[in-house]
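Taking it in order: structure first as C-alpha cells, then the write-up.
The values are calculated or read from the model by the stated rules, or taken from the named source; none is laboratory data. Only a predicted model underlies this, so the values are computations on that prediction, with no experimental measurement involved. Virtual Cβ from ideal backbone geometry, glycine too; neighbours counted across all protein chains shown. We work out accessible area using only protein heavy atoms, side chains counted, and drop any ligands, DNA or RNA first. Shrake-Rupley method; radii C 1.70, N 1.55, O 1.52, S 1.80 Å.
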Amino acid sequence: MDKATPVIVAVETPAYKCVVIEASDGYRYTADLSFFSGVYCYPKDMGEWQRVFIDKDGLSLVWSTRFEVHVDQVLANVVKRQPVSFFCEDTPA
C-alpha cells in the first residue's frame, strides 16, 4: 500500500442510500450505498438512514440498525469527490 486509509471525520446523510463523508485526506466524498440494500440490517427508510455515527476509530459508519460499512467500502462507491475548503476568519471572502 502506498497510502494510508483515510479516517472519516464527518458524515452527512443528504438522501436515502447516499452518504457524504469528510475524510482526513482533505476530500469530501459522496457515495451511493444502494449496492448494500440487500443486507438484512440495511436501514429501511430515511429516518433510519439518518441515525448513523462514525465508529471510535473513524474507519467505519455504523447505523442504529447495526448496518456497518468500512471507509474503503464507501470509497469504492463514490460518485463525487471534491476538496474540502478551509476558510479562516481572517481571510477575506
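Descriptive notes on the structure:
- For the chain, the relative contact order comes to 28 percent (Cα pairs under 8 Å, sequence separation of at least 6).
- Cross-link partners of K80 among lysines, defined as those whose alpha carbon lies under 18 angstrom from its own and excluding same-chain residues fewer than eight positions apart: K17.
- The chain, helix-only ellipticity at 222 nm - DSSP H runs n ≥ 4, -39,500 (n - 2.57), divided by all residues, nearest 500: -2000 deg cm²/dmol
- Whole-percent carbon and sulfur share, accessible surface of the chain, 1.4 Å: 53
- Between D72 and R51, the contour length at 0.36 nm per residue exceeds the Cα-Cα span by 5.5 nm.
- Restricting the calculation to Cα atoms, the chain shows an Rg/Rh of 1.02 when the hydrodynamic-style radius is the Kirkwood one.
- Computed over protein heavy atoms with a 1.4 Å probe, the accessible surface of the chain works out to 66 Å² per residue.
- Proximity of backbone amide H atoms, modeled 1.01 Å from N, is registered between V7 and S24, D25 at under 5 Å, excluding neighbours fewer than 5 places apart on the same chain.
- Cα centre as origin, Lys/Arg/Asp/Glu Cβ charges: the chain dipole, Debye: 320
- 3J(HN,Hα) couplings calculated from phi for region 56-68 with the Karplus curve 6.51 cos²θ - 1.76 cosθ + 1.60 (θ = phi - 60°) are, in sequence order, 4, 8, x, 9, 9, 9, 10, 9, 5, 7, 6, 5, 9 Hz; Gly and Pro show x.
- Under Karplus coefficients 6.51, -1.76 and 1.60, residue-wise ³J(HN,Hα) of region 78-85 in Hz, glycine/proline x: 6, 10, 8, 10, 9, x, 7, 8
- Exposed loop positions in the chain were taken to be chymotrypsin sites (Phe, Trp or Tyr not before Pro) whose DSSP state is not H, G, I, E or B and which have at most 15 other beta-carbon atoms within 10 angstrom. Between these positions, the longest stretch is 41-85.
- Backbone geometry of region 12-17 corresponds, through the Karplus equation with coefficients 6.51, -1.76 and 1.60 at θ = phi - 60°, to 3J(HN,Hα) couplings of 9, 10, x, 8, 4, 6 Hz, x marking Gly and Pro.
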